[in-house]
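The values are calculated or read from the model by the stated rules, or taken from the named source; none is laboratory data. On a predicted model such as this, the values are computed, not experimentally measured, just so you know. Heads up, the Cβs are rebuilt from the backbone with ideal geometry, glycines too, and the neighbour counts pull from every protein chain shown.
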Amino acid sequence: MLLPGVEALGFELVDAELVGGGGNPTLRVYIDNPHGITVDDCAAVSRQISAILDVEDPIAGSYTLEVSSPGLDRPLVTVEDYRKRVGETVKVKLRRPELTGRRHYSGTLLEVKTDCIVLDVDNEQHELAFDVIDRARLVPKF
């Protein structure tokens, strides 16, 4: 429900997560743009999202809304995210290590197939299926 509002302002909705429980959970929304994200961008998207949430009312009770850039170690969420990052270094955490014998990988993203990614880790290629990837992030270059 947030995607059209974020895209209407010219931004990419990278991820959204509801964290914390109890009386005041936090809705964290991460946006991106090829030109970077400013504080004014976050404020504009926050106003847009707030209006959508006021109408749709998907979260019972009070909550805190945070809008920010995904950062240099941006998460890779969609297949398109992976495709845009071929050739870059990524960290991948699997849901279940029993399929490969390990849970964490860090290497160069070589290829994105229909159902998996191919990583080069120390000159050894690993195919990691999307359905076992818990999370993946870019490794920042300094």
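Please enumerate the residues belonging to the stretch 101-134 that are farther than 18 Å from residue 78 by Cβ and touching an Asp or Glu at 6+ places or on another chain (Cβ under 7 Å). Across the stretch 101-134, the qualifying residues are 107, 108, 110.
Inside the stretch 18-46, residues that are at pLDDT 90 or above, surrounded by fewer than 12 Cβ atoms within 10 Å (Cβ to Cβ) and outside any loop (DSSP other than H, G, I, E, B) make up a count of 3. Among the candidates 133, 52, the residue that is touching a residue at least 24 places away in the same chain (Cβ under 8 Å), surrounded by 12 or more Cβ atoms within 10 Å (Cβ to Cβ) and closer than 16 Å to residue 7 by Cα is uniquely 52. Can you confirm whether residue 102 is farther than 18 Å from residue 84 by Cα and either out of contact with any Gly (no Cβ under 6 Å at 6 or more places or on another chain) or of a type in the set (Ser, Thr, Tyr) (or both)? It is true that residue 102 is farther than 18 Å from residue 84 by Cα and either out of contact with any Gly (no Cβ under 6 Å at 6 or more places or on another chain) or of a type in the set (Ser, Thr, Tyr) (or both).
Residues considered: 65, 94, 128. Of these, the only one that is surrounded by 11 or more Cβ atoms within 10 Å (Cβ to Cβ), touching a residue at least 24 places away in the same chain (Cβ under 8 Å), within 23 Å of residue 38 (Cβ to Cβ) and under 18 Å from the mean Cα position of the chain (by Cα) is 65.
Say we look at the stretch 114-125 and pick out the residues that are of a type outside the set (Val, Ile, Thr) and over 19 Å from the mean Cα position of the chain (by Cα); which of these is surrounded by the most Cβ atoms within 10 Å (Cβ to Cβ)?
Here the residue is 120.
Of the strands (runs of 3 or more DSSP E) that lie entirely inside the stretch 94-142, those containing 2 or more residues that are polar (S, T, N, Q) span 104-112.
Tell me, yes or no, whether the stretch 77-85 has at least one residue that is in the same structural domain as residue 119 (by TED's automatic domain parsing), in contact with a helix residue (DSSP H, G or I) (Cβ under 9 Å, 6 or more places away or on another chain) and part of a loop (DSSP other than H, G, I, E, B). Looking for residues that are in the same structural domain as residue 119 (by TED's automatic domain parsing), in contact with a helix residue (DSSP H, G or I) (Cβ under 9 Å, 6 or more places away or on another chain) and part of a loop (DSSP other than H, G, I, E, B), one finds none in the stretch 77-85, hence no.
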